[in-house]
Amino acid sequence: MFSGRLLRISHNALGKPHHRGMAVYSSELWDEIRGKLSMFPGGSVNLVKQESGIAVLTVNNPDRMNAFSGTMMLELQDRVSQLENWKEGKGLIVHGAGGTFCSGSDLNAVRAISNPQDGMKMCMFMQDTLTRLLRLPLISVALVEGRALGGGAELTTACDFRLMTPSSEIQFVHKHMGLVPGWGGAARLVRIVGSQGALKLLAAALKVDSALAERIGLSDGVVATGAGTALAEAEHWLGDFTRGPAPVIQAIKKVALSGRERPLEDALRKEKEVFGTVWGGSANLEALARKSKHK
Ligand SMILES: CCCC(=O)SCCNC(=O)CCNC(=O)[C@H](O)C(C)(C)COP(=O)(O)OP(=O)(O)OC[C@H]1O[C@@H](n2cnc3c(N)ncnc32)[C@H](O)[C@@H]1OP(=O)(O)O
């Protein structure tokens with residue numbers, strides 16, 4: 001059985017563990033996996049970085065309901081690397097082409113790599129990429145039009161927020177495929193809807209419509225359907241959270257992320273470190289000079 005190396009947690013001067021980098025597994029593992037995934041082509045993952053500081057990531061394989069081919073998994077990793085290095089970035093919208101979100105992994109590729117070794121490698125690769133996606137210093141939202149199934153449902157959980165259209169659905173269909181989530185979706189779902197809620201969604205493979213999703217906290221709002229309309233509304237919605245200078249928005253995401261992921265003392269130390277990057281910074285000095293009142 002394939003056994004992956006987890007990134008070692010290093011220790012700081014106080015002997016407390018701290019996280020090194022944004023990845024889960026050692027990148028030494030990826031050469032072999034990338035070779036395998038490159039054998040399953042189709043579709044693309046497109047990235048547009050806009051002047052507004054909001055980027056749009058499009059899962060683009062509409063002939064297969066935006067299922068992830070092997071090469072799309074590779075492209076997603078590359079796009080995440082680009083976003084990690086985007087200094088001016090503030091927000092990210094993840095959506096699917098052609099009016100639907102994503103139907104998970106491409107079943108043709110899945111059939112070809114249904115042996116345990118390849119399955120484990122694909123699982124680790126996608127866990128790592130989606131963890132890095134969630135850890136980007138950008139405020140991210142998954143815009144779910146149409147259906148988000150299987151790995152597509154997992155992808156929605158790798159964003160900070162989810163928006164749906166009135167007729168869209170999120171469904172963790174894994175049980176019907178004789179599977180459980182393997183792209184980190186179960187771990188993240190528990191953090192979003194709680195362990196009871198996650199257990200219900202996974203065990204019943206429930207079709208979650210926009211009303212139910214909002215009620216259980218899986219969705220953060222509903223946007224109108226229509227070519228371009230949903231994307232424009234999502235951008236408007238995200239604009240409320242990304243207004244302001246990039247260093248401040250990125251710092252806000254970092255402290256929220258460390259609070260979500262780290263034990264309290266570790267999160268407090270991280271918050272102090274991030275605080276130090278904005279205290280006395282240009283946005284802070286300008287606000288002080290303005291003598292801002294927050295009425
Ligand atoms: C850890 C990851 C676990 C996973 O992600 S496992 C994969 C889970 N996803 C699935 O099982 C999705 C299976 N597909 C479906 O249920 C339906 O196709 C779906 C998405 C509800 C759409 O239904 P319809 O609107 O009736 O459209 P359709 O079935 O005719 O699909 C249009 C074309 O898209 C293809 N497609 C959809 N999902 C796919 C997938 N995941 N992998 C590969 N091909 C897929 C489908 O085969 C069809 O192609 P074609 O026109 O027959 O050539």
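The values are calculated or read from the model by the stated rules, or taken from the named source; none is laboratory data. Keep in mind it's a predicted model, so treat the numbers as computed, not measured. A quick note on method: Cβ atoms are made from the backbone with ideal geometry, for glycine too, and the neighbour counts reach across all protein chains shown. Each accessible area value is taken on the protein alone, full model and side chains, heavy atoms only, with ligands, DNA and RNA left out. Shrake-Rupley method; radii C 1.70, N 1.55, O 1.52, S 1.80 Å.
Annotations for the structure displayed:
- Here the stretch 55-191 exposes an accessible surface that is 55 percent carbon and sulfur, computed with a 1.4 Å probe and the other protein chains kept in place.
- Taking 0.36 nm per residue of sequence separation and removing the Cα-Cα distance, the Asp220/Met39 pair yields an extension gain of 61.4 nm.
- Computed over the chain with a Gaussian network model linking Cα atoms closer than 10 Å, the most mobile of Gly35, Gly281, Gly184 is Gly281.
- Contour minus Cα-Cα distance for Ala187 and His294 (0.36 nm per residue): 34.7 nm
- Accessible area per residue, Å², the chain with all protein chains present, probe 1.4 Å: 50 Å²
- Protein accessible area in the stretch 247-289, 1.4 Å probe - carbon and sulfur %: 64 percent
- Rel. contact order, % - alpha carbon contacts under 8 angstrom, at least six apart, the stretch 247-289: 42 percent
- Average Cα contact separation per residue, the chain, under 8 Å, 6 or more apart, as relative contact order %: 15 percent
- Within the chain, the longest segment free of exposed loop sites, counting chymotrypsin sites (Phe, Trp or Tyr not before Pro) that fall outside DSSP classes H, G, I, E and B and have at most 16 other Cβ atoms within 10 Å, spans 3-278.
- In the stretch 236-277, the trypsin sites (Lys or Arg not before Pro) that fall in loop regions by DSSP, at most 16 other Cβ within 10 Å: Arg243
- Cut-off 15 Å between beta-carbons: net charge of the residues surrounding Pro181, Lys and Arg +1, Asp and Glu -1: +2
- Computed lengthening from Lys49 to Ser26, 0.36 nm per intervening residue step minus Cα-Cα distance: 5.5 nm
- At R0 = 35 Å, FRET efficiency that the Cβ-Cβ distance of Ala203 and Arg260 yields, to 0.05: 0.90
- When the chain is reduced to its Cα atoms, the Kirkwood hydrodynamic radius in Å: 20.0 Å
- More than 17 angstrom apart: percent of Cα pairs within the stretch 247-289: 33 percent
- Amide H contacts under 5 Å for Ala142, placed H, 5+ residues apart: Val94, Phe161, Arg162, Leu163
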